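Structure first, then comments.
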Amino acid sequence: MSEKKIVRNSIAVLLVTVLLASVANAISQESPSVSTMPRTITTRRDVNTTEKMIIEDGYHQLSSEELEQRIVGKTVRGDYYNGRIYVSYADSDGTIEGVNDLGSHITGTWSINKEDNTFTVEWDGYWDNWTGRAYDVQGKIQFYDSTTFLWRTTFNSIDDAQPPLRF
C-alpha cells in the first residue's frame with residue numbers, strides 16, 4: 001500500500017473516532033439520565049421497560065374495580081402491539097366488540113378477575129385472546145400480558161360513546 005493511502009486511511013480513522021467521541025459526549029451532557037426520563041412502552045417486546053421498572057417508577061396498577069369503572073360501558077381507542085389501531089366497546093353484560101384500522105370487525109367476551117386484578121379478552125375470531133394486568137402509565141391504560149410477560153396493548157382514550165364503532 002502506498003504511503004499516501006496509509007496517511008488517508010489513518011486520517012479517516014482519526015476523523016471517525018473524533019466524530020463518535022463528540023457525539024457520545026454531546027449525548028451524555030445534553031440528555032437527561034435514563035433514570036430521570038419517564039418510561040414509555042412502545043412495543044410488545046419493549047426491552048427497555050419491564051413491569052418491575054414501571055412499578056418502581058410509581059406507575060399505578062389498576063385494581064379490578066378501577067379498571068371496571070374506567071372501561072366498562074365505554075368506547076376505547078387504542079394501539080395494539082403489532083401497530084394496528086382499534087376501537088372497542090366492553091358492554092356491562094360481558095361482551096366486547098372491536099374494529100381495527102383495516103376494517104376487521106369482531107365480537108367476543110371480556111372478564112375481570114377480582115383476585116389477581118387481570119383483564120381477559122376472548123375473541124370469537126382470529127384476534128389474539130389474552131389476559132393482562134392494567135397500569136395507568138401517563139394517563140393511558142397499558143396492559144402487561146400475564147402469560148407471555150410482554151406489553152400487550154394501550155388504551156389511549158376512553159369515552160362514553162357506544163357502538164357503532166368508528167375511527
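The values are calculated or read from the model by the stated rules, or taken from the named source; none is laboratory data. Predicted, not measured: the structure shown is a model, and the values here were computed from it. Cβ placement follows ideal geometry from the backbone for every residue including glycine, while neighbour counts extend to all protein chains displayed.
Residue count for the stretch 59-76 satisfying the condition of being surrounded by fewer than 18 Cβ atoms within 10 Å (Cβ to Cβ) and either acidic (Asp, Glu) or not in a loop (DSSP other than H, G, I, E, B) (or both): 9. Taking the stretch 94-114 on its own, how many of its residues are touching a residue at least 60 places away in the same chain (Cβ under 8 Å) and surrounded by 14 or more Cβ atoms within 10 Å (Cβ to Cβ)? Total meeting the criteria: 3. Considering the stretch 98-116, and only residues there that are within 20 Å of the chain's Cα centre (by Cα) and assigned to a loop (DSSP other than H, G, I, E, B), the residue that is nearest to ARG77 (Cα to Cα) turns out to be ASP101. Just so you know, in the stretch 43-58 the residues that are closer than 14 Å to PHE143 by Cβ and part of a helix (DSSP H, G or I) include one that is modelled with the lowest pLDDT, and it is ILE54. The condition (being within 16 Å of GLN162 (Cβ to Cβ) and without any contact (Cβ under 8 Å) to a residue 60 or more places away in the chain) is satisfied by just one residue among ASP91, ASP124: ASP91.
When the stretch 151-165 is limited to residues that are surrounded by 12 or more Cβ atoms within 10 Å (Cβ to Cβ) and either free of Cβ contacts under 8 Å to residues at least 24 places away in the same chain or of a type in the set (S, T, N, Q) (or both), the one that is farthest from GLN69 (Cα to Cα) turns out to be THR153.
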